[in-house]
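Throughout, read-outs are computed from the coordinates displayed, never taken from laboratory work. Remember, predicted model here, so these are calculated numbers, not experimental data. Heads up, the Cβs are rebuilt from the backbone with ideal geometry, glycines too, and the neighbour counts pull from every protein chain shown.
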Amino acid sequence: MCLITYAYKAHPKYKFILAANRDEFYARPTAVAHWWEDHPEILGGRDLEAKGTWMAIHKNGRFAAVTNFRDIQNIKSDAQSRGDLPVNFLLSKERPTTYSRDVFSSGDKYNGFNLITLDQELAHVSNYDKQVNMIDPGVYGLSNALLDTPWPKVEKSKREFNTLIKQPFKLEQLIEMMQDTETAPDDQLPETGLDYDREKAVSAMCIKTPDYGTCCSTALTIDYEGNVSFMEKSYAVGNRKEDAVSFNFKVD
């Protein structure tokens, strides 16, 4: 998962609203969002290589999502899968702040990550930050740097998201918003260790390259009554097929 825009307790109807893109190498095997066979209380997509997830929600309303922190020069070949971080939270009973502190203390086991976890509170933690962040009500953006780092696509997604949720909206509109393929101007490109062509390509909200890019977009709402709506759209990239799934349930 490489771009997440979300609102927390910043809407009169919804406690949590999210729009997100998952960027990945097209060849990496992935299952679209579904209720998992081995953990039927968890809904989300699944990385079939490491068996983790980039984003999922539990029937009890607990939610977690992870993004990579881009640090090309310091990738560890023996690191644990970052996709375990959301799964372990969903299967635990720890509060987001407690779980985030545990993750922070063992953060060197993983390559760079950002993790957001939600139940009755919302927390953010990264192994490239010096603290666990309790999230106050508001609108936030997260990509492959720290929370609210003002990369052009983060700022753009927040602006469009904020405009959209100030009026009646549908999950389909959040998905459509995330399909923006415009790249950032050269003078606004971040410097993350990639060559120019790659840096330019990944500066778009929705990334398209021959071997890597946005594989799916997800929209999620949780209202104050515990009603959850979840939609995922997969794209026909590489050998993947276009697909769309949606789920509605009430938190147990």
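Below, the figures for the structure above:
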{"read-out": "Trypsin sites (Lys or Arg not before Pro) within the stretch 155-238: DSSP coil, no more than 12 neighbouring Cβ in 10 Å", "value": "Lys166"}
{"read-out": "Stretchable slack from Asp129 to Asp195, in nm (0.36 nm times residue separation minus alpha-carbon distance)", "value": "21.3 nm"}
{"read-out": "Gyration tensor (Cα) of the chain, equivalent ellipsoid semi-axes in angstrom", "value": "24, 21, 19"}
{"read-out": "Loop sites in the stretch 21-83: GluC sites (Glu not before Pro), DSSP, at most 14 other Cβ within 10 Å", "value": "Glu37, Glu41, Glu49"}
{"read-out": "FRET efficiency, Ser81 to His39 (Cβ-Cβ, R0 22 Å, nearest 0.05)", "value": "0.85"}
{"read-out": "Cα-Cα over 32 Å, subset of Lys200/Lys241; Lys76/Lys130; Lys9/Lys200; Lys9/Lys153", "value": "Lys9/Lys200"}
{"read-out": "Modelled FRET efficiency - R0 22 Å, Thr163 with Lys13, Cβ distances, 0.05 increments", "value": "0.85"}
{"read-out": "Cα point-scatterer Debye curve for the stretch 131-248, base-10 log of I(q)/I(0) at q = 0.12 Å⁻¹", "value": "-0.52"}
{"read-out": "Reach of Lys15 by Cα under 21 Å, taken over lysines that are not fewer than 8 positions away in the same chain", "value": "Lys59, Lys93, Lys158, Lys166, Lys170, Lys250"}
{"read-out": "Cα pair count fraction exceeding 20 Å, expressed as % - the stretch 28-134", "value": "36"}
{"read-out": "Computed E for Lys109/Glu172 - FRET, C-beta separation, R0 45 angstrom, nearest 0.05", "value": "0.70"}
{"read-out": "Contour excess over end-to-end distance, with Cα ends at Ala27 and Glu155 and 0.36 nm allotted per residue", "value": "43.1 nm"}
